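The values are calculated or read from the model by the stated rules, or taken from the named source; none is laboratory data. Fair warning: this is a prediction, and the values are worked out from it, not measured in the lab. Don't worry about glycine lacking a Cβ; one is built from the backbone with ideal geometry, like all the others, and counts go over all protein chains shown.
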Amino acid sequence: MVDDVRDGSAHHASGVDPGPAPSLDPGLAHIVDRPTGADRERITAHSDFDPDDAEWMRPARPEHVVIAEPDPAWPERFAALRTRIRDALGDAAQSIEHVGSTSVPGMSAKPIIDIDLTVADSADEAAYAERLQAAGFVFVLRERRWHEHRLFTADEPRANIHVWSPHSPEAVRHRMLRDWLTEHADDRELYAAAKREAAAPTADAPGLVQAYNQRKEPVIREILDRMFRAHGLL
């Protein structure tokens, strides 16, 4: 899954200098620059993975988590996937964003392309699910209570497609984090080290990606909170 920002421990203090005020994706400015109280709380609140809310169409399988060096082909793979999604959904795809570590130049990552797909209503599966499946994407997971999140995957190239409704706070977090890591080398290196450490237990024996996510969450929450403070959201 996308470098998941739900599981993990409380914020850990860090001496990393947040640096100058960050730039912001123009598509987020109206949400982040002038947030309502509800927007602020929804964007900054950390939440834990709820296995009782996870409806798996295809059970998660243990795997060796591999953290690869940055690959200049990742943006091209995203572009090809974006075309497949756009061809399948047409105007029903309101936005198709490259997120996760493969979207950050110079970032080590699992070699899996993460995509945030926004549709009019992610709970309305009839509007998009069959068309995505016809295009070769596999419907894997439904999470009704967590922003009506839906997950589809692809094998070639490997990809996770996360489906959200407009202005989903989780999609906002993904795009903010992508832009923050692009601009902040210290946090990029901190996160890369945390991922390598979290992946190490799967070198000898396969493990679930959810466990990998949990092991690195203390660091990702540290980075997120620093980012939120820099944007004046905390």
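Brief remarks on what is shown
- Summed over the stretch 198-213, the residues that are more than 20 Å from PRO169 (Cα to Cα) and either under 18 Å from the mean Cα position of the chain (by Cα) or at pLDDT 95 or above (or both) give a count of 7.
- Screening the stretch 121-234 for helices (runs of 4 or more DSSP H) wholly inside it with 1 or more residues that are within 25 Å of ARG42 (Cβ to Cβ) and aromatic (Phe, Trp, Tyr) returns the ranges 169-183, 185-199, 209-230.
- Exactly one residue out of PRO72, PRO59 is without any contact (Cβ under 8 Å) to a residue 24 or more places away in the chain, within 21 Å of LEU208 (Cα to Cα) and either over 17 Å from the mean Cα position of the chain (by Cα) or part of a helix (DSSP H, G or I) (or both), and it is PRO59.
- Among the candidates ALA92, ALA109, ALA88, residue that is in contact with a Phe, Trp or Tyr (Cβ under 9 Å, 6 or more places away or on another chain) and buried (at least 23 other Cβ atoms within 10 Å of the Cβ): ALA109
- Residue count, the stretch 76-90 (criterion: in contact (Cβ under 8 Å) with a residue 24 or more places away in the chain and within 20 Å of the chain's Cα centre (by Cα)): 7
- Just one of (1) without any contact (Cβ under 8 Å) to a residue 60 or more places away in the chain; (2) surrounded by fewer than 22 Cβ atoms within 10 Å (Cβ to Cβ) fails for ILE223. It is (2).
- Single unsatisfied condition, GLN133 versus (1) of a type outside the set (Ser, Thr, Tyr); (2) crowded, with 19+ Cβ neighbours inside 10 Å; (3) without any contact (Cβ under 8 Å) to a residue 24 or more places away in the chain: (2)
- Number of the condition not met by PRO20 [criteria: (1) modelled with pLDDT of 95 or more; (2) more than 19 Å from the chain's Cα centre (by Cα)]: (1)
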